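Can you read through this structure? Questions will come right after.
The values are calculated or read from the model by the stated rules, or taken from the named source; none is laboratory data. Nothing here was measured: the structure is a model prediction, and the numbers come from that model. All Cβ positions, glycine included, derive from the backbone under ideal geometry; neighbour counts span all protein chains shown. When the accessible area is computed, the model is the full protein with side chains, heavy atoms only, and any ligands, DNA or RNA have been set aside. Shrake-Rupley method; radii C 1.70, N 1.55, O 1.52, S 1.80 Å.
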Amino acid sequence: MTNSWIIDAVRTPRGRGKAGKGALSGIHPQELFAQVLRALEARGLSAKEVDDVLVGAVSQVGEQGANVARNAVLAAGWPIEVTGASVNRFCASGLQTVHFGAMAVASGAQDLVVAGGVESMSRVPMGSDGGGQDGGNQTLRERVFQVPQGISADLIATLEGFSREDVDGLALRSQINASRAIEEHRFARSIVPVIDPARGVVVLERDESPRPDTTLAGLGALPPSFVHLGAAVVGPKGETLDQIALATQPRIDAIRHLHTAGNSSGLADGAAAVVLASDRYVKEHAIKPRARIRAMATIGSDPVLMLTAPAPASQKALRRAGMTTRDIDLWEINEAFAAVVLETTRTLDIPPDRVNVNGGAIALGHPLGATGAMLLGTAIDELERRDLQTALVTMCIGGGQGIATIVERV
């Protein structure tokens, strides 16, 4: 195996994922990803040399069905010889495509791969594929009854002893960091303004969701989001979702519902892409890469707790790289819910000032299939801005999985 080099990374701004309200809600998801492909070409990528385009998307139905990757390649006007494949690893889909692309170029099977993701949550709402968490498999539910992620997040917060002030405090930090990053143009290198193809006008140039006027008092006034969901009767013997989750954790007798719209990730639209190249391609084209992938890992974990795998996934990647947590300069831990970041940071004993320094999905939004590729690009940009060397990107995944990627700046 040889190296997997990262040549470039771009993304759209994140738009609010609400139909008719978000600035990107009028843009077909194929066109969203097509615009990042065109941007890469405008920045010097030779489209005709690309061996494959891999696109992560979670809700692969309707406008995001029919192999969104191949259709985005065609929509971008790229050569018809360029292939495309769509990938679904739930929220880590965009980072998983990078892993697949990195494997391809490191093995020598391919020399140049574009990997990333897209999600238009305003046009293809979460759950549109009808599969839910487990595809409605009653036989599986007799073995493992997976609960919605919001219930899992509140269960983790309860087990860890987090308070409402803890989760709201992390949410406030996300908003502060994201607002500062936008004000200081920290995302400028990667962001591609989105153009409405029908009108030829720019519809969004910067992330749409951050609320710089957020306060702890305002966050504290928001009601918990998953109380009524937890009380829903869904079990074969009349159990509620809370009861199903509690049955796996005998040391507690009630779930404290702490997560709200303010300390959970926001719905978003967006697309992102990363360009990966082999040693051979970099040498033959005399390219100076921006970074290399040093280690990659995925791991499974408790499918009811579901969201605790970022820590063991990170540890697995660190072992493969021969590193420890102290060797990582910057961490991007996806802010699916505040408790996920708090639990991961505590478990790995990471200094908070190294984590999500430019905000995260609580402030910026979480366009499911695109987020992983976005986080990777953000990490590389910030390594360059701060003149640092290493970053680790990790995400929780539905069904009890985690993913981690370590990158080293060139």
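Residue by residue through the stretch 138-154, which ³J(HN,Hα) values in whole Hz follow from phi under the Karplus form 6.51 cos²θ - 1.76 cosθ + 1.60 (θ = phi - 60°), with glycine and proline marked x?
Each residue of the stretch 138-154 in turn: 5, 5, 4, 5, 5, 9, 9, 9, 7, 9, x, 4, x, 5, 4, 4, 5 Hz.
Per-residue HN-Hα couplings for the stretch 15-31, Karplus 6.51 cos²θ - 1.76 cosθ + 1.60 at θ = phi - 60°, whole Hz, x for Gly and Pro?
After applying 6.51 cos²θ - 1.76 cosθ + 1.60, I find x, 4, x, 10, 4, x, 10, x, 5, 9, 5, x, 10, 4, x, 4, 6 Hz.
While we're on this one: In debye to the nearest 20, how big a dipole does the stretch 3-55 give about its Cα centre with +1 on each Lys and Arg Cβ and -1 on each Asp and Glu Cβ?
That gives a dipole near 520 debye.
If you count only protein heavy atoms and use a 1.4 Å probe, how large is the accessible surface of THR345, to the nearest 10 Å²?
Ignoring ligands and nucleic acids, THR345 comes out at about 20 Å².
May I pose another question? Using a 1.4 Å probe over the heavy atoms of the protein chains, calculate the carbon and sulfur portion of the accessible area of the chain as a whole percent.
With neighbouring chains kept in place, the figure for the chain is 51 percent.
With runs of 4+ DSSP H residues as the only contributors, calculate the mean residue ellipticity of the chain at 222 nm using -39,500 (n - 2.57) per run, divided by the residue total and rounded to the nearest 500. Before the final figure, lay out each step's value.
Working: 14 runs with 142 residues, N = 410.
Result for the chain, helices only: -10000 deg cm²/dmol.
If you don't mind, another one. Which is farthest toward the positive dipole end of the stretch 44-134 among SER46, ASN67, GLN110, measuring Cα position about the Cα centre, with Cβ charges +1 (Lys, Arg) and -1 (Asp, Glu)?
About the Cα centre, the residue reaching furthest to the positive side is ASN67.
Taking the Cα centre as origin and putting +1 on Lys and Arg beta-carbons and -1 on Asp and Glu beta-carbons, what dipole magnitude results for the stretch 95-208, to the nearest 20 debye?
For this selection, approximately 200 debye.
Suppose accessible area is computed on protein heavy atoms with a 1.4 Å probe; arrange THR2, THR298, THR405 from highest to lowest.
THR2, THR298, THR405
Nearest 20 debye, what's the magnitude of the dipole of the chain about its Cα centre given +1 on Lys and Arg Cβ and -1 on Asp and Glu Cβ?
Charge dipole of the chain: 300 debye, to the nearest 20.
Counting only the backbone N, which residues of the stretch 304-319 are under 13 Å from the spot 7 Å out from the Cα of GLU239 toward its beta-carbon?
Backbone N within reach: 304-305.
Please work out the C-alpha center-to-center distance from the stretch 32-80 to the stretch 142-200 and express it in whole Å.
Value for the Cα centre distance between the two parts: 26 Å.
Give me the aspartates and glutamates in straight-line cross-link reach of LYS288: C-alpha distance below 20 Å, same-chain residues under 8 apart excluded.
Within the straight-line limit of under 20 Å, LYS288 reaches these aspartates and glutamates: ASP8, GLU41, GLU49, ASP51, ASP111, ASP279, ASP381, GLU382, GLU384, ASP387, GLU408.
Calculate, axis by axis, the spread of Cα positions in the chain along the three principal axes, and write the results as whole Å, longest axis first.
Result for the chain: principal-axis Cα extents of 62, 47, 47 Å.
While we're here: For the stretch 254-351, what is the accessible area per residue in Å² when the probe is 1.4 Å?
Accessible surface, normalised per residue, equals 35 Å².
Turning to a different aspect of this structure: Would you tell me the accessible area of GLU63, worked out with a 1.4 angstrom probe on the heavy atoms of the protein chains, in Å² to the nearest 10?
Counting only protein heavy atoms, GLU63 exposes about 60 Å² to solvent.
With every atom except the alpha carbons ignored, what do you get for Rg and Dmax of the stretch 1-120, in angstroms?
Looking at the stretch 1-120, its Cα Rg and Dmax stand at 14.0, 48 Å.
Next up: Considering the stretch 262-410, what Rg and Dmax in Å follow from its alpha-carbon atoms?
Over the stretch 262-410's Cα set, Rg and Dmax evaluate to 15.1, 49 Å.
Where is the GNM fluctuation largest for the chain (alpha-carbon springs, 10 angstrom cutoff): VAL118, VAL82, VAL50?
Greatest mean-square fluctuation among the candidates belongs to VAL82.
Rank GLN315, ILE397, MET126 by how far each Cα sits towards the positive end of the charge dipole of the chain (+1 on Lys, Arg Cβ; -1 on Asp, Glu Cβ) and give me just the farthest.
GLN315
Sequence-distant or interchain residues sharing an amide H contact under 5 Å with ALA297, placed H: which?
Amide H to amide H, under 5 Å and 5 or more residues apart or across chains, ALA297 pairs with ALA404.
Further question on the same structure: Report, by chain and number, residues whose modeled amide H sits under 5 Å from the one on SER4, excluding near sequence neighbours (fewer than 5 apart, same chain).
Those lying under 5 Å, H to H, from SER4 are ILE293.
For LEU348, what charge total do you get from the other residues with a beta carbon under 11 Å from its beta carbon, if Lys and Arg give +1 and Asp and Glu give -1? Before the final figure, lay out the partial values.
On the way: positive: ARG326, ARG346, ARG354; negative: GLU343, ASP349.
Every neighbour counted, the sum reads +1.
Nearest 0.05, what FRET efficiency do GLU205 and ALA286 give at R0 = 35 Å with Cβ-Cβ as r? Numbers along the way, then the final one.
On the way: r = 33 Å, r/R0 = 0.94.
Taking R0 as 35 Å, the efficiency between GLU205 and ALA286 is 0.60.
From the phi of every residue in the stretch 96-106, what ³J(HN,Hα) in whole Hz does the Karplus formula 6.51 cos²θ - 1.76 cosθ + 1.60 yield, where θ is phi - 60° and glycine or proline is x?
5, 4, 4, 4, 4, x, 5, 4, 5, 6, 6
Work the Kirkwood hydrodynamic radius out for the stretch 114-270: mean of 1/r over every pair of different alpha-carbon atoms, inverted, in Å.
18.6
In the chain, what percentage of the DSSP-assigned beta bridges are antiparallel, given to the nearest 5?
Once the DSSP bridges in the chain are tallied, antiparallel ones form about 70 percent.
Oh, and also: Between beta-carbons, use under 10 Å as the cut-off and find the net charge around ILE7, counting Lys and Arg +1, Asp and Glu -1.
In short, +2.
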